Amino acid sequence: MQLSKGLIGTPQNRVDGRAKVTGQAQYAAEFDTPDLAFGVVISSSIAKGRIASIEAEAALAVPGVLDVITHKNRPRTAWLDRSFRDEVAPPGSPFRPLYDEEIKYSGQPVALVVAEDFETAVYAASLVDIAYEVETHMTDLDIARREAYVPPKKRGGVKPPPSPTGDAEGAFAQAPVKVHGEYRIAVEHHNPMEMQASTVVYGQDGTLTIHDKTQGAQNSQGYVANVFGLSKDKVRVISPFVGGAFGLCLRPQYQLFLAVLAALELRRSVRVVLTRDQMFTVGYRPMAIQTISLGANPDGKLQSIVHDAVQTTSMFEDYQEAIVNWSNLLYHCDNVKLTYQLAQVDTYTPCDMRAPGAATGVTALETAMDELAYAVGIDPIELRLRNYTETDETEGKSYTSKELRACYQLGAERFGWSKRNPEPRSMREGRELVGWGMATGVWEAMLAKTAARAMLTLDGRLEVSCATADIGTGTYTILTQIAAETMGLRMEDVTAKIGDSSLPRSPVEGGSWTAASAGTAVQKACQSVREQLFKFARQMDSSPLANASIEQVAFAEGEIRLLNDSTARVTFAAAMQAGGVERVEAEEKSSPSFLDAARYSGYTHSAIFAEVKVDEELGVVRVTRIVNAVAAGTILNPKTARSQVMGGVVFGIGMALAEESMLDHNLGRFMNHNFGEYHVPVNADIYDIDVIFVSEHEDKLNPMGIKGLGEIGIVGTAAAIGNAIYHATGKRVREFPITLDKLLE
Ligand code: MOS
């Protein structure tokens with residue numbers, strides 16, 4: 001089918017931009033409803049033990065307080081409560097708030113105080129007196145790792161590392177050049193601008209309309225229905241705007257549970273919003289300790305890769321991510337051994353955070369590769385090219401497309417890499433040492449089964465809809481572009497509706513799969529509408545298109561036109577009138593079985609180049625320049641795409657230099673639970689970020705060749721910065737974030 005030219009691949013402003021900057025976009029905690037009550041969460045002050053008593057009389061005596069809900073008086077939930085298929089919960093026994101008196105982690109919600117207004121609830125919460133029986137907790141991965149274990153294969157887990165090939169340990173022992181190191185990545189917490197929030201509107205007919213902050217409206221709906229034993233048609237979840245999520249809102253978090261619990265108990269509408277410090281009591285990127293051994297010949301050819309990772313999880317769930325798998329994917333090597341283990345600590349369960357696994361594992365691998373480049377004395381890009389692989393050796397499959405060579409080349413050119421003197425401490429500007437480093441990035445290009453509907457009406461307007469989310473990524477905009485281009489309409493004529501559980505079936509927005517999945521579904525639905533419309537147009541009395549096939553026409557400017565004679569045309573409205581309809585509608589699905597996707601491996605690749613300036617006396621690091629060259633198939637909208645990669649890079653700068661949730665092992669608690677002490681890069685920390693999209697022909701993953709861009713920007717970025725810091729200072733820091741104390745040591 002011919003597509004009318006123009007929109008896909010062009011930079012377009014966000015269609016929701018105006019609503020966002022003028023404050024018209026409503027977020028979960030901004031929906032008002034009459035008779036709304038406010039719930040405030042009380043968090044456990046101990047990390048392990050049990051609640052001995054909860055005295056709520058004083059709180060209940062405050063005028064305006066409606067209830068203090070605890071494990072003792074909570075209403076019943078469903079009799080059979082397991083995680084359900086779509087909950088995005090790891091294997092294990094899923095955490096349910098206020099389940100019983102047991103405390104499993106510091107910050108665990110232990111009571112919800114509900115009042116007529118927020119301030120009263122906050123005050124009353126301060127009057128609740130809780131006594132604990134304290135047990136000994138353990139939150140230190142260095143101790144917990146002694147009892148590390150391989151996660152049992154279960155639904156909700158991740159693909160285990162590929163089986164070993166060759167004799168990695170033997171080859172390492174024999175290798176003429178060796179590097180070996182231990183790499184540590186700190187715990188990071190998601191810190192989106194919008195706090196976790198749920199406003200539950202209680203309908204007198206017993207229905208719940210829930211404004212939830214989520215990456216999957218239908219996932220939250222399924223969770224609520226499952227946990228509370230409600231029928232899905234009694235629960236509608238709406239989430240049109242999400243103020244940042246990064247994976248935290250894949251899994252329903254406890255504010256949703258508590259708000260629903262209170263609404264059902266009180267039979268009225270309830271809102272629960274977490275505070276910023278309570279944002280440190282939900283999921284996080286787990287701490288990981290990795291060891292990597294690389295053995296190579298003097299020419300840099302890898303002879304052995306041994307990569308082990310141990311990562312924290314909670315005592316009750318086996319949260320997993322693919323940390324080490326990338327090490328056999330990026331480079332050719334005959335002797336590879338990758339192992340992955342979990343270690344339990346008394347914290348809440350970690351959860352996915354932007355490029356889960358890859359952000360951790362590739363950071364370590366790409367640091368080790370830089371060390372190897374110095375050990376063999378060849379350029380870091382040349383080292384990667386000598387070990388380049390054209391096939392996915394972990395699966396024995398070809399790639400659908402892989403323009404990583406072009407990423408290295410174009411990125412290096414843009415950055416000016418050829419002018420680099422490899423000698424550490426060879427560049428200086430005043431009191432600052434200057435360093436240049438690079439790394440490779442990789443992320444999966446996935447497609448998840450998604451449905452979408454398209455509806456064209458007589459007034460020439462098109463509405464496309466799908467239950468997916470826009471977490472700031474640009475989903476609204478790219479769906480509008482795809483629909484407008486497919487249908488031959490202007491973007492202004494198209495409305496995209498998402499973020500509502502009543503819309504066509506969609507998985508959570510995550511894994512960078514949404515553009516490909518929802519985009520393909522929208523395109524297919526629009527194509528179905530075209531076909532119906534074309535049929536009507538052909539059947540008109542004396543239709544100028546009577547003898548045409550759909551390949552011979554274009555849909556443009558609200559008309560169907562013969563390609564070789566544009567005077568032969570029928571307007572959409574005329575076709576609909578001829579067909580006797582006021583609307584043309586279709587629902588279609590995208591599915592991963594499209595084309596040969598199963599026979600190939602689909603990945604997005606990137607090459608990241610970083611310049612740092614390090615104050616030699618103070619250890620302060622500035623990342624003054626980043627070039628990120630990305631090969632991600634078809635770029636639907638270079639403007640929103642660039643923003644995605646830039647956001648990922650900023651995240652990577654945070655991982656490299658700042659972000660670290662610090663546990664006080666005596667208290668078993670994350671102590672720096674605020675923006676004063678948990679540092680994320682701010683505008684003043686960000687200099688020049690240059691994003692290049694490398695041209696990549698992709699025709700196997702999905703019809704438009706989309707690979708997704710949500711995560712790739714962070715992968716490799718921290719390593720490139722760490723490598724630049726080494727080049728600047730001669731100091732190799734294997735523990736992220738690289739804070740100034742580590743440079744001054
Ligand atoms: Mo992403 S960590 O799948 O939101």
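The values are calculated or read from the model by the stated rules, or taken from the named source; none is laboratory data. These numbers come from a predicted model, not from an experiment. In this analysis, Cβ positions are derived from the backbone assuming ideal geometry, glycine residues included, and neighbour counts consider all displayed protein chains. Side chains included, ligands, DNA and RNA excluded: accessible areas come from the protein's heavy atoms. Shrake-Rupley method; radii C 1.70, N 1.55, O 1.52, S 1.80 Å.
Looking at the stretch 1-141, what % of the alpha carbon pairs are farther apart than 23 Å?
57 percent
May I ask you to derive the FRET efficiency for R267 and L458 from their Cβ-Cβ distance with R0 = 30 Å, giving the value to the nearest 0.05?
The calculated FRET efficiency here is 0.10.
Can you work out the FRET efficiency for the pair N674 and E557, with r the C-beta to C-beta distance and R0 = 60 Å, to the nearest 0.05?
0.65
Evaluate the distance, in nm, between pseudo-label points positioned 7 Å from the Cα of K20 and of E735 along their respective Cα→Cβ axes.
Placing both labels 7 Å beyond Cα along the Cβ direction yields 3.7 nm.
Based on the alpha carbons, how large is the Rg to Rh ratio for the stretch 375-476 when Rh follows Kirkwood?
Taking Rg over the Kirkwood Rh, I get 1.19.
Enter the Cα centre distance for the pair the stretch 364-384 and the stretch 407-478, rounded to the nearest angstrom.
24 Å
Would you mind getting me the FRET efficiency between E382 and A52? Use the beta-carbon distance for r and R0 = 51 Å, nearest 0.05.
E between E382 and A52, to the nearest 0.05, is 0.20.
From the phi angles alone, apply the Karplus equation (6.51, -1.76, 1.60; θ = phi - 60°) to the stretch 6-14 and give each ³J(HN,Hα) in whole Hz, x where the residue is Gly or Pro.
Calculated HN-Hα couplings, in order: x, 8, 5, x, 9, x, 10, 5, 5 Hz.
Once amide H atoms are placed 1.01 Å from N in the peptide plane, what residues at a sequence separation of 5 or more from L66, or on another chain, have their amide H within under 5 Å of its amide H?
Result for L66 returns V114, A115, E116.
With both bridge residues required to lie in the stretch 409-560, what share of the DSSP beta bridges run antiparallel, to the nearest 5%?
Close to 70 percent.
So how much accessible area does S695 have, in Å² to the nearest 10, using a 1.4 Å probe?
S695 has an accessible surface of roughly 100 Å² with all protein chains in place.
³J(HN,Hα) across the stretch 688-696 via Karplus (A = 6.51, B = -1.76, C = 1.60, θ = phi - 60°), whole Hz, x for Gly/Pro?
With coefficients 6.51, -1.76 and 1.60, one gets 9, 10, 10, 10, 10, 9, 7, 5, 9 Hz.
Given H placed on each backbone N at 1.01 Å, which residues far from Q303 in sequence or on other chains put an amide H within less than 5 Å of it?
G295, A296, N297
In debye to the nearest 20, how big a dipole does the chain give about its Cα centre with +1 on each Lys and Arg Cβ and -1 on each Asp and Glu Cβ?
So the magnitude is around 1380 debye.
Might you tell me the accessible area per residue for the chain, computed with a 1.4 Å probe and given in Å²?
With all protein chains present, the chain gives 38 Å² per residue.
Among DSSP beta bridges lying fully in the chain, give the percent that are antiparallel, nearest 5.
Counting only bridges with both partners in the chain, antiparallel ones make up about 75 percent.
Any chance you could check the Cα centroid distance between the stretch 603-619 and the stretch 1-73 for me, in angstrom?
Using only Cα atoms, the two centres lie 37 Å from each other.
Which whole-Hz ³J(HN,Hα) couplings does the stretch 45-51 yield from phi under the Karplus relation 6.51 cos²θ - 1.76 cosθ + 1.60, θ = phi - 60°, glycine and proline marked x?
Values per residue, Gly and Pro as x: 9, 10, 8, 7, x, 9, 7 Hz.
For V529, V150, write out the residues from largest to smallest accessible area, computed with a 1.4 angstrom probe and no ligands counted.
V150, V529
With every protein chain in place, what's the accessible area of W443 (1.4 Å probe, Å², nearest 10)?
Surface accessible to solvent at W443 totals approximately 10 Å².
In nm, to one decimal, how far is the modelled label at S426 from the one at E395, with both set 7 Å along Cα→Cβ?
4.0 nm
Which whole number in µm²/s is D for the chain by Stokes-Einstein, with the Kirkwood Rh taken over Cα pairs at 10 °C and 1.306 mPa s?
58 µm²/s
Which of G441, G676, P286 sits closest to the plus end of the dipole of the chain, meaning its Cα is farthest towards the positive end, when Lys and Arg get +1 and Asp and Glu get -1 on the C-beta?
G441
What's the ranking of 225-231, 270-276 by average number of surrounding C-beta atoms within 10 Å, highest first?
Ranking, from highest mean packing down: 270-276, 225-231.
Can you give the convex hull volume per residue for the Cα atoms of the stretch 632-745, as a whole number of Å³?
Here the figure is 159 Å³ per residue.
Under a 5 Å amide H to amide H cut-off, with H placed in plane at 1.01 Å, what residues pair with G216 once short-range neighbours are removed?
Long-range HN contacts for G216: E509.
Taking only C-alpha pairs under 8 Å that are 6+ residues apart, what is the relative contact order of the stretch 470-558 in percent?
37 percent
Ranked highest first by the average count of other Cβ atoms within 10 Å around their residues, in what order do 125-133, 303-311, 373-381 fall?
303-311, 373-381, 125-133
Calculate the tail of P(r) for the stretch 594-684: the fraction of all Cα-Cα distances greater than 24 Å, expressed in %.
Everything past 24 Å amounts to 45 percent.
Tell me, what % of the accessible area of the stretch 417-492 is carbon and sulfur with a 1.4 angstrom probe?
C and S fraction of accessible area: 50 percent.
List the lysines whose Cα lies under 28 Å from the Cα of K104, skipping any in the same chain that are fewer than 8 positions away.
K48, K72, K153, K154, K159, K213
What is the distance in Å between the Cα centres of the stretch 322-341 and the stretch 89-104?
Centre-to-centre (Cα) distance: 33 Å.
Highest mean first, what order results for 136-142, 196-202, 213-219 on Cβ atoms within 10 Å?
Taking the mean over residues of other Cβ atoms within 10 Å, the ranking is 213-219, 196-202, 136-142.
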